[in-house]
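Chemist: Okay, here's the structure, questions in a sec.
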Amino acid sequence: MNENLFTTFENSIKDQNRIFIQTPDGISYRYCDMLSLSGQYANILDTLGVKKGDRVAVQVEKSPQVLFLYLACLRIGAIYLPLNTDYTSREVHYFLNDARPTIAICKPSSLEAFENIARETGVKSVLTLNNDNTGSFIELSDKEDSSFSTVAVKNDDLAAILYTSGTTGVSKGAMLSHENLRSNALTLAQYWHFSEDDILLHPLPIFHTHGLFVATNTILLSGASMILQPKFDIEQLIKLMPTATTMMGVPTHYLRLLASKEFTKEATENMRLFISGSAPLSPETHKDFYHLTGHKILERYGMTETNMNTSNPYDGERVPGTVGYALPNVDVRISDPKTGVPLDQGEVGVIEVRGPNVFQGYWKMPEKTAAEFRDDGFFITGDLGQIDEKGYISIVGREKDLIISGGLNIYPAEVEAILDAVTGVIESAVIGLPHPDFGEAVTAVVAGIESEKLNESIIREQLAKELAKFKVPKRVIFVDSLLRNTMGKIQKKVMREQYQDLYKS
Ligand code: AMP
């Protein structure tokens, strides 16, 4: 039996003439276009020598073509490897060297850098794809047939690798199988009542689990439509809302909507559901949104490694400040982070999950994978949480010092490593501080020698050369020395308290 996720998508099409993707400027692609374009792109990959199990690395701007490319990878049995468009060449080098893809597809403006990296990492060909449906990849499609016989794969075969940041600064490639993605999308489509009548507002990036899998796979399994915004644009989003029925966003999107004068109850009248995830949605935002629009945002919780684990209910009470119940077929428990012993109801501990949604492990890192699973198959998420008497789960913090700014993850250790290499910096600590817009703002605390060559803008400029923009600290605080405890550990928690009002104006 063919257990290819694409075959499930194909079997879920209700009407081939139904629109799958529309763009804000009026271009639309029907399900029949999805079938022919993904077939054509799969034929290109075949011509380029991509085989089942090969990786295809992609760092391009958001466009419908990127989703057809993702689907083409599924069809040929290749492993799709999307990269955040903000990553610098230094970062891309690490990913390509680690994943060793057969081909890489990039923006035309990064071609030279990619070709250099490709030579050093054994990538066979580099092609370009622009967000206006041009590029060397698209040029090849004229020569290719649109019919393609989808390659048979098994449930556990890999569909994608998504890199997460690592606490030690080393990114880990989370390996996701066809069944991991399928089981979660089927659950979500049903849990959130998606049908072919839905039109999803899609303002999210498509290199991340939220925009790529939660949004796109759920729509494909429902035979529904989506409006793909090239970039989050608040005015455009509000204008499009009356033509849509649902939206998936990060808390920052909901904050921005609330801050806009154009956003009214009338704009939301055609909408049946607003979903939030990737970072904590504050109870205030949830309540403000309800007061303005009458809609209770549905908050859910997941991560790259596990897909979605919990969700507030569709019909029942959506409790602000919680991430709802464990999803059907997903086991969630709270354990003592050190001993792994399951804790009693109400106690705070590390959230652990088990189910068909949980990934296959980290690419080429068997020890790291083993360390993050319990013997009975539960994955240790690293998030701290508790479960109340009704089964609602809330996240109380992160075990590690992950920073989430605007829905994107930043691990301090990676930023610190580069900061410490700046001339004049003695040592540094990178922390997340509450920020009204981004949720958290990356902030550097630096102990350095007194020098004209060292100030906030110099440091930020230097870091911007090495790091994606979202990881560059918004502010740099200079101190004589970093706060440490008697064991020599830097006291980040105390620092966060000390500077908690930095972005409050
Ligand atoms: P990522 O792998 O980028 O999707 O990030 C996963 C992390 O985002 C989780 O481990 C959580 O720390 C955080 N996260 C996701 N959804 C929520 C949520 N609804 N509330 C709080 N944190 C969340």
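The values are calculated or read from the model by the stated rules, or taken from the named source; none is laboratory data. No experiment lies behind these values; they were computed from the predicted model shown. Virtual Cβ from ideal backbone geometry, glycine too; neighbours counted across all protein chains shown. Just so you know, the surface numbers come from the protein's heavy atoms only, side chains and all, with ligands and any DNA or RNA stripped out. Shrake-Rupley method; radii C 1.70, N 1.55, O 1.52, S 1.80 Å.
Chemist: In what sequence, largest accessible area first, do Asp376, Asp336 appear using a 1.4 Å probe?
Modeler: In descending accessible area the options line up as Asp376, Asp336.
Chemist: Please identify which residues in the range 368-383 have an amide N closer than 18 Å to a label point set 7 Å out from the Cα of Thr339, following the Cα→Cβ vector.
Modeler: 374-376
Chemist: Report the one residue of Ile351, Leu127, Thr322 whose Cα lies farthest in the direction of the positive end of the charge dipole of the chain (charges on C-beta: Lys and Arg +1, Asp and Glu -1; origin at the Cα centre).
Modeler: Of the options given, the answer is Leu127.
Chemist: Residue by residue through the range 193-204, which ³J(HN,Hα) values in whole Hz follow from phi under the Karplus form 6.51 cos²θ - 1.76 cosθ + 1.60 (θ = phi - 60°), with glycine and proline marked x?
Modeler: These are the phi-based 3J(HN,Hα) values: 6, 6, 9, 5, 7, 7, 10, 9, 7, 10, x, 8 Hz.
Chemist: Continuing with this model, one more query. Counting only residues 5 or more places away or on other chains, whose amide H sits under 5 Å from the amide H of Tyr325 once H atoms are built in the peptide plane?
Modeler: For Tyr325, the qualifying residues are Ser311, Asn312, Ile393.
Chemist: Let me ask something additional. May I ask you to give the percent of accessible area on the chain that is carbon plus sulfur, with a probe radius of 1.4 Å?
Modeler: 49 percent
Chemist: For a quick check of your reading of the filter: which GluC sites (Glu not before Pro) in the range 200-278 sit in a DSSP loop and have no more than 14 other Cβ atoms within 10 Å?
Modeler: Passing sites in the range 200-278 are Glu262, Glu269.
Chemist: Here's something else I'd like to know. Which pairs in the list Lys14/Lys52; Lys62/Lys296; Lys287/Lys504; Lys239/Lys471; Lys52/Lys124; Lys107/Lys471 are over 26 Å apart, alpha-carbon to alpha-carbon?
Modeler: Result: Lys14/Lys52; Lys62/Lys296; Lys239/Lys471 exceed 26 Å.
Chemist: Right, next: Where the only charges are on Cβ atoms (+1 Lys, Arg; -1 Asp, Glu), what is the dipole of the chain about its Cα centre, to the nearest 20 debye?
Modeler: Taking the Cα centre of the chain as origin, the dipole is about 220 debye.
Chemist: Can I ask one more? For the range 232-398, give the magnitude of the charge dipole about the Cα centre (Cβ charges: +1 Lys/Arg, -1 Asp/Glu; no others), in debye to the nearest 20.
Modeler: 380 debye
Chemist: By accessible area of protein heavy atoms, probe 1.4 Å, what ranking do Lys338, Lys287 get, highest first?
Modeler: The ranking, largest first, comes out as Lys338, Lys287.
Chemist: Which is farthest toward the positive dipole end of the range 232-398 among Ile395, Leu240, Gly377, measuring Cα position about the Cα centre, with Cβ charges +1 (Lys, Arg) and -1 (Asp, Glu)?
Modeler: Leu240
Chemist: A further question follows. Dipole size in debye (nearest 20) for the range 402-498 around its Cα centre, Lys and Arg Cβ +1, Asp and Glu Cβ -1?
Modeler: 260 debye
Chemist: Starting from the eigenvalues of the Cα gyration tensor, five times each then square-rooted, give me the equivalent ellipsoid semi-axes of the chain, largest first, whole Å.
Modeler: Value: 34, 29, 24 Å, ordered largest first.
Chemist: Within the set of other residues whose C-beta is less than 12 Å from the C-beta of Asn17, count the net charge using Lys and Arg as +1 and Asp and Glu as -1.
Modeler: It works out to a net charge of 0.
Chemist: To check you understand DSSP bridge types, tell me what percent of the beta bridges within the chain (both residues inside) are antiparallel, rounded to 5.
Modeler: The antiparallel fraction comes to roughly 60 percent.
Chemist: Now for a different question. Along the positive direction of the dipole of the range 402-498 (beta-carbon charges: Lys, Arg +1; Asp, Glu -1; about the Cα centre), which of Val430, Gln462, Ala447 reaches farthest?
Modeler: Result: Val430.
Chemist: Using 5 Å bins from zero, what percent of all Cα-Cα pairs in the range 402-498 falls into each bin?
Modeler: For the range 402-498, the binned pair fractions read 3, 14, 26, 25, 19, 10, 3, 0 percent.
Chemist: Then there's this: Rounded, prolate or oblate: which fits the range 9-79 when a ≥ b ≥ c are the square roots of the eigenvalues of the alpha-carbon gyration tensor, with rounded for a/c under 1.5 and prolate only if a/b beats b/c?
Modeler: Since a/c reaches 1.5 but b/c is at least a/b, the shape of the range 9-79 is classed as oblate.
Chemist: Starting from the range 222-325, pick out the chymotrypsin sites (Phe, Trp or Tyr not before Pro) whose DSSP state is loop and whose Cβ has at most 11 other Cβ atoms within 10 Å.
Modeler: none
Chemist: Going by accessible area, probe 1.4 Å, with all protein chains left in place, what is the ranking of Trp192, Trp363, largest first?
Modeler: Greatest to least solvent exposure: Trp363, Trp192.
Chemist: Share of antiparallel DSSP beta bridges in the range 402-498, in percent to the nearest 5?
Modeler: Antiparallel bridges: around 75 percent, rounded to the nearest 5.
Chemist: Where only protein heavy atoms count, and the probe is 1.4 Å, what is the accessible area per residue for the chain in Å²?
Modeler: 41 Å²
Chemist: Got a number for the accessible area of His208? Probe 1.4 Å, square angstrom, nearest 10.
Modeler: 40 Å²
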